[in-house]
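Following: one structure in structure tokens, then a few remarks.
The values are calculated or read from the model by the stated rules, or taken from the named source; none is laboratory data. Please read all numbers here as calculations on a predicted model, not as lab measurements. Heads up, the Cβs are rebuilt from the backbone with ideal geometry, glycines too, and the neighbour counts pull from every protein chain shown.
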């Protein structure tokens, strides 16, 4: 009887372990598929790129609101 209980406990534990892995993989897929947007700082709406110095340096010293608009135009 004790051996049967150990086997049942082992099977249940293994099933829960693989179920947890399945849930984690699905959560990672959902997060990768979700668009990464955030509220814009200088313009209205949602943005995908922040107007950092690195992102705006090739625009020739434009103000950050202009840079943000150009980086996030739809």
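Return a yes/no flag: does region 48-60 have any residue that is at positive phi and exposed (fewer than 11 other Cβ atoms within 10 Å of the Cβ).
Within region 48-60 (the criterion being at positive phi and exposed (fewer than 11 other Cβ atoms within 10 Å of the Cβ)), the answer is yes, since at least one residue qualifies.
With respect to residue 65, is the statement that it is free of Cβ contacts under 8 Å to residues at least 40 places away in the same chain, under 24 Å from the mean Cα position of the chain (by Cα), surrounded by 10 or more Cβ atoms within 10 Å (Cβ to Cβ) and in a helix (DSSP H, G or I) true?
No.
Of (1) surrounded by 10 or more Cβ atoms within 10 Å (Cβ to Cβ); (2) over 16 Å from the mean Cα position of the chain (by Cα), residue 3 satisfies all except one. Which?
Only one criterion in (1) surrounded by 10 or more Cβ atoms within 10 Å (Cβ to Cβ); (2) over 16 Å from the mean Cα position of the chain (by Cα) is unmet by residue 3, namely (1).
Which residues, taken from region 8-58, are touching a helix residue (DSSP H, G or I) at 6+ places or on another chain (Cβ under 7 Å) and either in a helix (DSSP H, G or I) or not assigned by TED's automatic domain parsing to the domain that holds residue 70 (or both)?
Those that are touching a helix residue (DSSP H, G or I) at 6+ places or on another chain (Cβ under 7 Å) and either in a helix (DSSP H, G or I) or not assigned by TED's automatic domain parsing to the domain that holds residue 70 (or both): 55, 56.
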